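Below: one structure, written as structure tokens.
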Amino acid sequence: MIVLIYTVPWLLVFQARKDFPVYGGPLVYTLTEEGIHIKTQDSSASYAWNLVREVAQTRSFVFLCLSKQSAFIIPKRALSDEAELLHAIRRWAPRLISENDRRTHAA
């Protein structure tokens with residue numbers, strides 16, 4: 001099990017609070033064999049791995065894409081071990097990323 005704690009960047013929080021007040025606190029991502037589980041101060045949600053369409057990454061972020069408009073954005077600075085995250089994704093959702101498929105973009 002991998003647990004990530006991440007606070008949404010300040011500018012996104014400011015904008016998101018208008019429509020989605022839940023984004024004011026930390027988001028806790030837990031990745032398990034069943035999927036991705038997200039917990040906030042006031043709510044929680046789970047997404048099965050088959051809902052994730054693509055995994056992409058930049059130098060700073062890992063994107064777990066649900067669609068062209070929706071993704072979980074995990075900052076690499078919030079990870080204690082980036083390789084462990086990618087290994088877990090390969091193990092639980094091998095169709096999304098392979099050892100040689102880095103899908104890395106500049107940013």
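Please treat every number below as a calculation from the coordinates, not as lab data. Bear in mind the structure is a predicted one, so any value in this text is a computation, not a measurement. Neighbour counts run over all protein chains shown; Cβ positions are idealised from the backbone, glycine included.
Each Lys or Arg adds one and each Asp or Glu takes one away; over the other residues whose Cβ falls under 15 Å from the Cβ of THR32, this sums to 0.
Taking Cβ atoms as reference points and 11 Å as the exclusive limit, the residues near ARG53 contribute a net charge of +1, counting Lys and Arg as +1 and Asp and Glu as -1.
Rounded to whole numbers, the Karplus 3J(HN,Hα) couplings from phi for the range 83-89 are 4, 5, 4, 5, 4, 4, 5 Hz, using 6.51 cos²θ - 1.76 cosθ + 1.60 with θ = phi - 60°, and x at Gly and Pro. 3J(HN,Hα) along the range 46-59, derived from phi through the Karplus expression 6.51 cos²θ - 1.76 cosθ + 1.60 where θ = phi - 60°, amounts to 10, 9, 5, 4, 5, 7, 7, 8, 7, 10, 9, 8, 10, 5 Hz, with x in place of Gly and Pro.
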